[in-house]
Amino acid sequence: MAGTTTLFKARANDAISNRGLQNALSELPTGLAANRARAKSALPEFEDLRESAKVLKDHTLAHLDHYLEAFETAALAAGSKVHWTSTPEQARATILEICQAANARLVTKGKSMVSEEIGLNDHLEKAGLEVVETDLGEYLIQLKHEAPSHIIAPAIHLTVGDVERRFREAHTHLPYDRVFNEPADLVAEARQILRQKFLSADVGITGANFLIAETGSSIIVTNEGNGDLTQLLPKVHIVIAAIDKVLPTLEDAALLMRLLPRSATGQDITSYVTFTTGPRRPGEHEGPEAVHIVILDNGRSELLAGDKRAVLRCIRCGACMNHCPVYSAIGGHAYATVYPGPIGAALMPGLAGVKETAHLAGASTFCGACAEVCPVKIPLPDIMRKWREADFAAKNNGLLQRAGLSIWAGLAKRPRLYHPLMRLSIAALSSLSRRRGAFKHLPFAGGWTRHRDLAAPQGRTFQQLWIERERGGPE
Amino acid sequence: MTQTPEHRPKAGLFVTCLVDLIRPSVGFAAAALIERAGCDVIVPQGQTCCGQPAYNSGDRANAQTLALQTVNAFLDCDYVVVPSGSCASMLKVHVPDLLADGPDREAALTFAAKVFELTSFLADERKIESVPGKYSGAVTYHDSCSGLRELGIKQAPRHLLAKVDGLTLQEMPECETCCGFGGLFAVKFPGISNAIVEKKAVNANASGAQLLLAGDLGCLMNIAGKLNRTGSNLSCRHIAEVLAGEMSAPAIAKAET
C-alpha cells in the first residue's frame, strides 16, 4: 500500500539523519557481526550444524501438531498448566486472568518478543498491574516508553548518554548529582533497583527459546540472570511462547544451542541456559507454586500450511539484522513492527497482514546476506519475494508503479519493438548528456540524481553496434 | 587456440539491458574475451531483459513470459554468457524455478545448465590461461551480491585479475557488503540506497586503489555515481574492460576527455 510505504520511507529518512542512532548502528559490523564471524571460524562444523538445524526444524514443523500435543502431555505431567491461544487478544486476556487469580500487583518480566507481539505490558498496566522489565535493555526502553529496536539487543539504538539521562529522570529517590563514570555504574544502579522488584513480585513472566516435547520443559537463553530471578522467585511463573518454539527432544535443543549464541552474539554459550520443568515439587524449597504455559498461534498455522513455512524455522538470533545493509542503515524502529529487519519483513505479513506490512518485504536489496548467516538457513529473500507476489496480486502497490512496470514489461516482451525504441530513446538521452558522461539532475530520475550522478549512455545500443559490426560497417 | 573453427562452441552473449543501453563497450569487451576463450559469439536478437525487475516486483506472470522468451532466444547456443552476476543468477537459478510447473520445465533446466556469469565462464568453465588486458596500478574489487551469494563467484574475478599484466589488487574493507543498488530498490527507496552506498564509497576510497571494478553494471553505476558526486578520484569500470584491455571509453560516469 502506497500509504504504508510512504510512512516507512519517512521513518527511514528520519533514522538516517539521526546521528545518535547512526553512531550506535555503526558498531554492528565490528560488534555483533564480527563476533559471529569469529565464533563461526572457531567451529569447523558450523556449516554442517546449520544444515542439521534446518533438517531438525523442518521435521518438527512437518509434525508440529504431534510435537505440540506431546509437549502438552509432558508439561501437564510435570505439573504445569497449558493454555492454547489463537490471537494476541486471547493470549493477553489469558495472562491477565492468571495474574488476577493470583491477586498480583507487581509483575516482573524476562525478555520476550512474543509478549511484545501480544502487547502484553500495556494490557496488564491498563488493568492496574505494575509491570517491570528486568532485562537491562528492556528495562531501559521501558523507561523511555519505546519498543525494542532489535530482537536480542532491544536498546541497541541508545547511547550511554541516553541511558544516564533517563536514569536520573526515573530514579528520583537517588541523589540527582550522582556520578556515572562508566557503563558498569549504570548496570549497578539498575541491579539495585531491580533486586527490590524481583523480591516483591507476585508473578514472573518469561518467554521461551525452546519448548521440549519429550519433557514438557521450557528453556530460556540469557546473559544477565534476570530471567532466572523472574521465574524462580514469584509464586506464579507464566511462560509465553509461540507454537514454533517446540522441539522434539533435549538433544535437539543442544544442537540449536551450538548455533544460537554463536549466531547472535558470537558467544560459544550464554551465561545462563535455564531449563524449567513444572512448578516446585513437594519437598523442594525453591521455585514457583504454579507454572502456566501460554502457547500462541497468531497466524503461524497459516504460515505452516503455505509456501512460506521456512520462516517458522527462526530461532530469533538476530544475525539477519546484524548483517542487513538496510537494517544497518535505518535501525529497527523505522520498520515499526515487533520484529524488524529481514526476519521481520519475512514474518510480519503472516502475523499482521499483507496490506499492513508487505511493504517491508519490498524494502530489501535482496543482497542475500541474511540468508547467508541464518543458522537455520531460512531463504529470507525468497520468502520476501513471495510476499511481494502476494502484495502485487492484491494490487496493493501504487498505480504509478504498476503502470510503469506494465509498460516496461509490454516492451520487453516484444523484442522487435523494444530494440528500435530503445535505440531512439538512448540516442535522445545521450544527446541530453552532451558528452559530460553523467547527469547531475534528471527530472524523471530525481530519486537517483538527488544523491548521486547518473552515468550517461555511451550513445548507441550494443545491439545496434553489434549488428553493424556483423555487417562489416555502419548502416 | 588449437581448436579448429568447426569445434568452437557457440556462445550466446546475453548482453543485459544495462550494458545494451548504457555501456555497450562492456558488451564488446565481453565478446572479445569469450572469443579468446575459444568460442564463437552470437548475440540473439530475441533477447531483451532477464525479467528480474518483474520477478522482484512480485509480477510473476510477466517474469515467466520473459523467462521463456530468453530460453527460446538461446536454444541453439552451447553456452549463454552474461556479463552480470545478477542477471546470470536470474537466468541460472530463478528461471528454472519460474518455469518449473509448466510445459517448459525441461527446456528451462537445459537452458540454466548452459548459463555462466562472464568471469566464472572464463576462469572455471573455459579455464583461460591469459588475458590481453594490461593495467599499471592498483584496483579494488566489489563483490556484487547475486553473483557472490547465489552463484558462489568469489575467486574467479580475482583469479583473472591476477593475469592482468601490471595490475595489483588492493581489497577494500567490507568488499562483500551490498552497495545499496538492488535494481528497483534504488528507485523506490533512494534515501536508504544512498545511506548504503555512502558507506561503500568510504570503504572503496579506503582501499587506496585508483580503479574500482565489479562484474555488474548496476552496482557500478551506483558506486560510480556516488564517487563522482562526492568528488572522489576513484573511477569505476566493469571487470571485462580491464581483462580485455578495452579501456578507450571513459570510465563509468566520466566525461570524454
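Taking the conditions exactly as written (away from chain A (no Cβ under 14 Å), free of Cβ contacts under 8 Å to residues at least 40 places away in the same chain and either on the phi > 0 side of the Ramachandran plot or part of a helix (DSSP H, G or I) (or both)), does B:Glu35 satisfy them or not?
Numbers: away from chain A (no Cβ under 14 Å): no; free of Cβ contacts under 8 Å to residues at least 40 places away in the same chain: yes; either on the phi > 0 side of the Ramachandran plot or part of a helix (DSSP H, G or I) (or both): yes.
So B:Glu35 does not fit the description; no.
I want to confirm something. Restricting to region A:78-104 and keeping residues that are more than 17 Å from A:Pro288 (Cβ to Cβ) and among the aliphatic types (A, V, I, L, M), which single residue is surrounded by the fewest Cβ atoms within 10 Å (Cβ to Cβ)? Filtering first and then ranking leaves A:Ala93. The residue that is nearest to the other protein chains (Cβ to nearest Cβ), among those in region A:19-43 that are polar (S, T, N, Q) and in contact (Cβ under 8 Å) with a residue 60 or more places away in the chain, is A:Asn23.
Among the residues that make up region B:183-191, is at least one of them more than 9 Å from chain A (Cβ to nearest Cβ) and under 14 Å from the mean Cα position of the chain (by Cα)? Checked against the condition, which is being more than 9 Å from chain A (Cβ to nearest Cβ) and under 14 Å from the mean Cα position of the chain (by Cα), region B:183-191 yields no hits at all.
Working only within region A:425-454, note down all residues that are outside any helix (DSSP H, G or I) and either out of contact with any Phe, Trp or Tyr (no Cβ under 8 Å at 6 or more places or on another chain) or more than 7 Å from every other protein chain (Cβ to nearest Cβ) (or both). Steps first, answer last, please.
The initial filter retains those residues of region A:425-454 that are outside any helix (DSSP H, G or I), namely A:434-442, A:450-454.
Residues satisfying the conditions are A:Arg434, A:Arg435, A:Arg436, A:Gly437, A:Ala438, A:Phe439, A:Lys440, A:His441, A:Leu442, A:Arg450, A:His451, A:Arg452.
Residue count for region B:204-241, restricted to those that are within 10 Å of chain A (Cβ to nearest Cβ), surrounded by fewer than 24 Cβ atoms within 10 Å (Cβ to Cβ) and in a strand (DSSP E or B): 0.
Has region B:137-152 got at least one residue that is more than 27 Å from B:Thr177 (Cβ to Cβ), modelled with pLDDT of 95 or more and assigned to a helix (DSSP H, G or I)? No, region B:137-152 has no match at all. Elements of the type helices (runs of 4 or more DSSP H) sitting completely within region B:44-117 and holding at least 2 residues that are hydrophobic (A, V, I, L, M, F, W, C): these cover B:60-73, B:85-89, B:95-98, B:105-114. Of all residues in region A:44-77, which are within 27 Å of A:Gln231 (Cα to Cα), surrounded by fewer than 16 Cβ atoms within 10 Å (Cβ to Cβ) and touching a residue at least 60 places away in the same chain (Cβ under 8 Å)? Correct list: A:Thr73, A:Leu76, A:Ala77.
Applying the condition of being of a type in the set (Ser, Thr, Tyr) and out of contact with any helix residue (DSSP H, G or I) (no Cβ under 8 Å at 6 or more places or on another chain) to region A:1-53 and asking which residue is nearest to A:Ile156 (Cα to Cα) yields A:Ser26.
Of all the numbered requirements in (1) crowded, with 16+ Cβ neighbours inside 10 Å; (2) closer than 20 Å to A:Gly31 by Cα; (3) free of Cβ contacts under 8 Å to residues at least 40 places away in the same chain, A:Leu129 misses one, and that requirement is (2). Kindly indicate whether A:Arg414 is within 30 Å of B:Ala201 (Cβ to Cβ) and either out of contact with any Cys (no Cβ under 7 Å at 6 or more places or on another chain) or of a type outside the set (Gly, Ala, Ser) (or both). Criteria not met by A:Arg414. Taking the stated definitions as given, is A:Gly283 in a loop (DSSP other than H, G, I, E, B), farther than 30 Å from A:Leu96 by Cβ and free of Cβ contacts under 8 Å to residues at least 12 places away in the same chain? Judged against the criteria, A:Gly283 is a match. In region A:169-202, the qualifying residues are those that are of a type in the set (Val, Ile, Thr) and not in a loop (DSSP other than H, G, I, E, B), and the one that is farthest from A:Cys99 (Cα to Cα) is A:Val187. Considering (1) touching a residue at least 60 places away in the same chain (Cβ under 8 Å); (2) within 19 Å of B:Pro190 (Cα to Cα); (3) surrounded by 19 or more Cβ atoms within 10 Å (Cβ to Cβ); (4) small (Gly, Ala, Ser), the lone condition that A:Ala361 does not fulfil carries the number (1). With the requirement that a residue be among the charged types (D, E, K, R) and farther than 30 Å from B:Ile42 by Cβ, what does region A:434-475 give you? Matches in region A:434-475: A:Arg434, A:Arg435, A:Arg436, A:Lys440, A:Arg450, A:Arg452, A:Asp453.
Table: residues versus (1) buried (at least 23 other Cβ atoms within 10 Å of the Cβ); (2) aliphatic (A, V, I, L, M); (3) under 15 Å from the mean Cα position of the chain (by Cα).
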residue	(1), (2), (3)
A:Ser301	no, no, no
A:Arg309	no, no, no
A:Ala334	yes, yes, yes
A:Gly344	yes, no, yes
A:Trp387	yes, no, no
A:Ala390	no, yes, no
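The values are calculated or read from the model by the stated rules, or taken from the named source; none is laboratory data. Model, not experiment: these values are computed from the prediction. Note that each Cβ is placed from the backbone with ideal geometry, even for glycine, and that neighbours are counted across all protein chains shown.
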